[in-house]
Structure formats: C-alpha cells, structure tokens
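The values are calculated or read from the model by the stated rules, or taken from the named source; none is laboratory data. Please read these numbers as outputs of a predicted model, since none were measured by experiment. Virtual Cβ from ideal backbone geometry, glycine too; neighbours counted across all protein chains shown. Note: areas computed on protein heavy atoms with side chains; ligands, DNA, RNA excluded. Shrake-Rupley method; radii C 1.70, N 1.55, O 1.52, S 1.80 Å.
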Amino acid sequence: MEPEEPGEAAWGHPEAGGVGPLGGRGLLEVAVASGVAAWATWAVLLMPGFRRVPLRLQVPYQPSGPRQVANALALLRGRSGKTVDLGSGDGRLVVEAYKQGLRPAVGYELNPWLLCLSNYRAWKAGYHGKVSFLKKDLWKVNLSDCHNVIVFLAPSVKPPLAAKLLAELPDEARVVAGRFPFPSWTPTSTLGQGLEQVWAYDMKEVRRAAQSSAEGNPI
C-alpha cells in the first residue's frame, strides 16, 4: 500500500480529523441555516419600514445599478427645482441628483436602517446637511411643490401612484420611472434597455392625454 501524500489523510477522512463530504442531512442543515440567516436579515434590516404600509403598497428594497442611476439622471439633465426620490432606499439617486445640480434633493424612506445608510452615503460624498432623507410614507407626502420625481418602484404600485401624482404634481413636473413604466401613461422620452431602461413623463402631457382619453378624443 502506497503512503499517502502529506496532508491527504486529513481531507475527506473524518476519523483523521479532516472534514468529510456533506451528506443529505448536512446539506439540509446548511439550507436551513441559510434560510434563517436570510430571514434574520430581512427582519432586522428591511422589515421595519413595511410594518405600517398596506401589503399591496409595499415595495421591497432593491438597489439601483450605476447605469440605472445614470440613465434616470440623464432624463433630468438641464432641469431645476425640488427633486424627490419616492422610496429612496440607500440614497444613491438623491446624492447623484444633488451632484447634478437638482436642488433641493430629498429622499422619502420608511426603513430606519436604509435612512442611516443614506445619511452615511451623503456624508461620505461631502453632502451631509445638503441633501435630506426623511422617514415619511410616500403615500402621505404632499408632492405639490415637487418638479422632479424619481420612481424606482414595483409594477404593482404604479397604478395607485399614478393617481396620486396626477392629483398633486404641477404641470411643470417631470416623473422618471426606472425598471418598470407607468402602464397607462405615454412617456415623453426613454433611455436604456432591459432593466436599465428608464422612462420620463411630463405631467402636462400626461394630463392632456388623460383628458383626451376621458372625452373620447384622439390625442
């Protein structure tokens, strides 16, 4: 019998003090542990912002990628006035909007952990005290003084949100939606492809189209 290479006996031989291959039970334990860890992360970091929001209006946190951010802000280039991000997550869109000269720049977010992360991001960028992250329910915020609205939210909330935006935003406002468009609105412009695509809607045109549709007239 040939002698084993140094260190070989310890690998794959539990009796030699090594780590053996995972059996069915071991794999199950790993899966359960991973599930518990994922649930704990959700419960501690993400759930707090959802407790007071109706289930159908809840939107899970999903950070925007660099290209999504760049595309959204490209559709706001050259504009001015108050800019808000509804469900601002970790604050990256608000910080980048401020960099682009869109001021004041405000993020509305319910999750306290994400608000802390947003404020850290602003501090790291040198904008602490210059941008605002407010712990407010986006459904209860009055948007009548907003001229630029960024919306990276799930498709399920777009219809009720469209009604709120129509009721509150001024005609001069522009709404930029990321990931998913507003299903009943016609965009003024769009940029990107796939998950990086964003859509811009000018409220004056949206209202004109809605009025024409209600009257049965072609747009």
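Could you tell me whether LEU76 is modelled with pLDDT under 95, buried (at least 21 other Cβ atoms within 10 Å of the Cβ) and part of a loop (DSSP other than H, G, I, E, B)? Criteria not met by LEU76. Scan segment 146-158 and give yes if some residue there is polar (S, T, N, Q), within 22 Å of GLN68 (Cα to Cα), open to solvent by less than 70 Å² (accessible area, probe 1.4 Å) and in contact with a helix residue (DSSP H, G or I) (Cβ under 9 Å, 6 or more places away or on another chain), otherwise no. Within segment 146-158, one or more residues are polar (S, T, N, Q), within 22 Å of GLN68 (Cα to Cα), open to solvent by less than 70 Å² (accessible area, probe 1.4 Å) and in contact with a helix residue (DSSP H, G or I) (Cβ under 9 Å, 6 or more places away or on another chain). In summary, ALA214 fulfils each of the numbered conditions (1) open to solvent by 50 Å² or more (accessible area, probe 1.4 Å); (2) free of Cβ contacts under 8 Å to residues at least 12 places away in the same chain; (3) not in a helix (DSSP H, G or I) with the single exception of condition (3).
Every listed requirement among (1) outside any strand (DSSP E or B); (2) crowded, with 21+ Cβ neighbours inside 10 Å; (3) modelled with pLDDT of 95 or more is met by TYR201 save one, (1).
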